[in-house]
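Down below is the structure, laid out as structure tokens.
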Amino acid sequence: MQRLFRATSLLLLACTVLLALLPSVASAERVRTKKHARKACPVQSPQPFLIRSSFVKHGALNAVAHDKALRYRAEQYGNVEGFGLERYNKEKAYSNATTVRFMDLPLQIHKKIAPALRCVERAIRRSCTSAKDRYVPRALGGFRTSNTYRGGEISNHLFGIAIDIDPDRNPCCGCVSPWPNHPACRSSSATVFERTALPRCWIDAFERYGFYWLGRDPDLRDTMHFEFLGDPQLIAP
Ligand SMILES: [Zn+2]
């Protein structure tokens, strides 16, 4: 009888210890998952020397600063024909094009930035769920093979690191005609955040993972356009 009592007590003690351990196992698992998410989606900022306003001021191109940014982009992503960038990288940027899906739409981008864009989408789906943050894109633009800039600048679309979302709803108020006539560009009192249909939550999600929002560019105010200006070496594969 005494032996049975001792065995039951031991069993009860074991169960209590196990139950006490369970929450810490669960929280350890949570920490591990969080750590993994951080590692898979490292938070990073655009590199200042790659931001357009650091080499174009009031429409004037600073050739030295521009060349530095161009060289970096060519070395990291490949060359673009017709600009003499082959000396930095023999490989064409477009040979690294890949088609991904972003928010259920197909998009062609450089394969190096695909994981960063996945992190953006994950953050949007996780955080931008309130009514004011909900947004359903209808048209995306990514890789391009012809330049849209004039005056020596090369669009980041040619390197496959830029994305446009719904140009009709997110205008480029500082671009050439007919853009400035877009109703959202007409009001002089509106902030740039009021000139775009994109929710702030979406802009924040892009900026969290190394994308620069060209809506911030003081000349262009190109609200449809995001470009990856972070360090591609920091992107987890
Ligand atoms: Zn664009």
Got at least one residue in region 198-214 being surrounded by fewer than 18 Cβ atoms within 10 Å (Cβ to Cβ), more than 14 Å from the chain's Cα centre (by Cα), away from the ligand (no atom under 13 Å from the Cβ) and part of a helix (DSSP H, G or I)? no
In the set ALA114, ALA93, ALA97, ALA139, which member is assigned by TED's automatic domain parsing to the domain that holds ARG200 and within 17 Å of HIS225 (Cβ to Cβ)? ALA139
What are the residue pairs meeting all of these: first residue in region 83-110, first residue surrounded by 16 or more Cβ atoms within 10 Å (Cβ to Cβ), second residue assigned to a strand (DSSP E or B) and among the basic types (Lys, Arg), Cβ atoms under 8 Å, and 6 or more apart or on different chains? LEU107/ARG101
Scan region 106-114 and give yes if some residue there is more than 16 Å from ILE161 (Cβ to Cβ) and not small (Gly, Ala, Ser), otherwise no. yes
For PRO218, indicate whether it is in a loop (DSSP other than H, G, I, E, B), more than 16 Å from the ligand (Cβ to nearest atom) and under 21 Å from the mean Cα position of the chain (by Cα). yes
Long-range neighbours under 8 Å by Cβ, at least six apart or interchain, first residue touching a residue at least 60 places away in the same chain (Cβ under 8 Å) within region 164-178, second surrounded by fewer than 18 Cβ atoms within 10 Å (Cβ to Cβ) and assigned to a strand (DSSP E or B): ASP164/GLY141
Residue list for region 163-196, restricted to those being assigned to a loop (DSSP other than H, G, I, E, B), within 16 Å of the ligand (Cβ to nearest atom) and in contact with an Asp or Glu (Cβ under 9 Å, 6 or more places away or on another chain): ASN170, PRO171, CYS173, GLY174, CYS175, HIS182
Considering each of ARG101, ARG118 in turn, give the residue that is in a strand (DSSP E or B), closer than 21 Å to LEU198 by Cα and modelled with pLDDT of 95 or more. ARG101
Looking at PRO167, is it surrounded by fewer than 19 Cβ atoms within 10 Å (Cβ to Cβ) and under 28 Å from GLU81 (Cβ atoms)? yes
Could we say that ARG125 is free of Cβ contacts under 8 Å to residues at least 60 places away in the same chain, under 21 Å from the mean Cα position of the chain (by Cα), part of a helix (DSSP H, G or I) and more than 16 Å from the ligand (Cβ to nearest atom) here? yes
Could you look through region 143-154, keep only residues that are farther than 10 Å from VAL80 by Cα and among the hydroxyl-bearing types (Ser, Thr, Tyr), and pick out the one that is nearest to the ligand (Cβ to nearest atom)? THR148
Among LEU234, LEU229, which is the only one that is within 16 Å of the ligand (Cβ to nearest atom), hydrophobic (A, V, I, L, M, F, W, C) and within 19 Å of ALA116 (Cα to Cα)? LEU229
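The values are calculated or read from the model by the stated rules, or taken from the named source; none is laboratory data. Remember, it's a predicted structure, so these values are computed and weren't measured experimentally. Here Cβ is always computed from backbone atoms with ideal geometry, including for glycine, and neighbour counts include all displayed protein chains.
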